[in-house]
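The block underneath contains the structure these notes are about, expressed in structure tokens.
Read-outs: derived from the displayed coordinates by stated rules, not from any lab. All values reported here derive from a predicted model rather than from experimental measurement. Using ideal geometry, Cβ is built from the backbone for each residue, glycine included, and neighbour counts are taken over all protein chains shown.
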């Protein structure tokens, strides 16, 4: 406040205290009036719709639509959770729900509910349900005519209660009755852990749910007893979860009372610094954290603190960029509001929230951020890190991109259907680490998939089709029709041939789905790890110490020495190009 403004305020206070209060009172009155006016208008519109709209309207549905639109205009994470969706919130935060413990599939109103993956030691598994078992009745009522959500809602319930199924057995075709006692189902955030190479321990985390860190601590000690000397924490496609679980995880590897996070919000109580509360179990083991564009929220808290405290190395691709904190607020009629109340900041002071969270790349990742909009911060050891959107890795390695035909096979359900067919035909398979489809088995899959409807076009064929349409719009297609047809014929690959061309990636995904039927989801990760080039290239660079910064420094040194100099080229610009190529 400048001196002139201070004098004006002092004059008003001297003349009359009431004069100072009135503008605020008037403002508050004006805001209250506008709010009341808006609510009154909304109610009047709803009343008119109910009375006079040409078709019958559901007022509660209209109100819910209005609430959702209102909150969506603020940010993507502030949402209204009605009472009937409360269980979904519990599953998201705690990883638990009351039910039978199985993934199921229902592909249409007239289809049965098919067990696709019972969880290990779940009520479904204890009752003898296996992949492919088809549920035709739940508690005496048919599942035909129900949506998938309606059927699964009837399967869930209070732990300790029974649910009665009539099923068609997967391998025999027999119809039988099965009773399953519901339990409290906990889905662990630790998808897989083990030794992946020599003495390198590996954890794949899918979220940050209640008690995840307790499980992690026990599993970590188990790997230490097996000779683990280095640790990889894989947070790729981990959308986050509970903030306190991220802090607890960090507390395992940094000294007690280390500040790992801060938050700032409009309410004073949201302005807080968070410190680790417990003694660590290992402050020396080298750590590599894998991230990608799907790593968000609590994943970014973890990666950002590890990076800022120079406690480990971050590898992969830039993270999602969600630096907003949500709080759960109670509402009337047992509803809840998940409300954005603050932004969080890493130990160096940077906020990872994307500057523009409404415009992203197709894969959800942060778009290009101009340097003019970013700010520099320093890690504990003085390295430069920047804000503006997500965590930028110390080691950048591109993730595997599956071809369009492979993605089409998976999303059409053909690989899942064949995995079920394989399970029904084979009572046992080799352990996950040794399981491979034979040439004859893969050929059987090719014949099966070729007989099904799915889009086997390559990305190049799709682009050519779009180019044809553009040429037709510009009225030049006829001039180049023969060229288009010639190129189309060369690119046109049949389903069987395409599956042979893309065999390596298709077979890997198919084997993972088959293994899941026999050994549960944790063991499918064993298949994924066989060909995880992004992981192993990152590990190699991590061990050798060749981070992006090191490569840039080497490139600049080479450019300065003239090793890679080219006439007419700015050597400063080529340094980053050469670094990325390396």
Return the calculated 222 nm mean residue ellipticity for the chain, to the nearest 500 deg cm²/dmol, obtained by summing -39500 (n - 2.57) across DSSP H runs with n ≥ 4 and dividing by the residue count. -13500 deg cm²/dmol
Given the C-alpha atoms of the stretch 404-537, compute the convex hull and give its volume per residue in Å³. 137 Å³
Give the peptides 442-448, 383-389 in descending order of average Cβ contacts within 10 Å, highest first. 383-389, 442-448
Whole angstrom only: what separates the Cα centroid of the stretch 412-458 from the Cα centroid of the stretch 170-247? 27 Å
Output the antiparallel fraction of DSSP beta bridges having both residues in the stretch 219-308, as a percent to the nearest 5. 50 percent
Burial order of peptide ranges 206-213, 372-379, 256-263 (average beta-carbon count within 10 Å, highest first): 206-213, 256-263, 372-379
Rounded to the nearest whole number, the Stokes-Einstein translational diffusion coefficient of the stretch 326-477 at 20 °C and 1.002 mPa s (Kirkwood radius, C-alpha pairs) in µm²/s is 98 µm²/s
Could you give the nm distance between label points at residue 120 and residue 372, where each point is 7 Å from its Cα heading toward the beta carbon? 5.5 nm
Which percentage, to the nearest 5, of the DSSP beta bridges contained in the chain is antiparallel? 75 percent
The chain, relative contact order in percent, only Cα pairs under 8 angstrom and at least six apart counted: 10 percent
Past the 17 angstrom mark, what percentage of all C-alpha to C-alpha distances in the stretch 185-260 do you count? 45 percent
Quantify how much of the Cα-Cα distance distribution of the chain extends past 33 Å, in percent. 60 percent
Relative contact order, percent, of the stretch 190-396 when contacts are C-alpha pairs under 8 Å separated by at least 6 residues? 18 percent
Å³ per residue enclosed by the Cα convex hull of the stretch 96-186: 80 Å³
Length released on extending from residue 536 to residue 141, taking residue separation times 0.36 nm less the Cα-Cα span: 137.1 nm
Mind ranking 41-53, 123-135 by how tightly packed they are, going by the mean number of other C-beta atoms within 10 angstrom, highest first? 123-135, 41-53
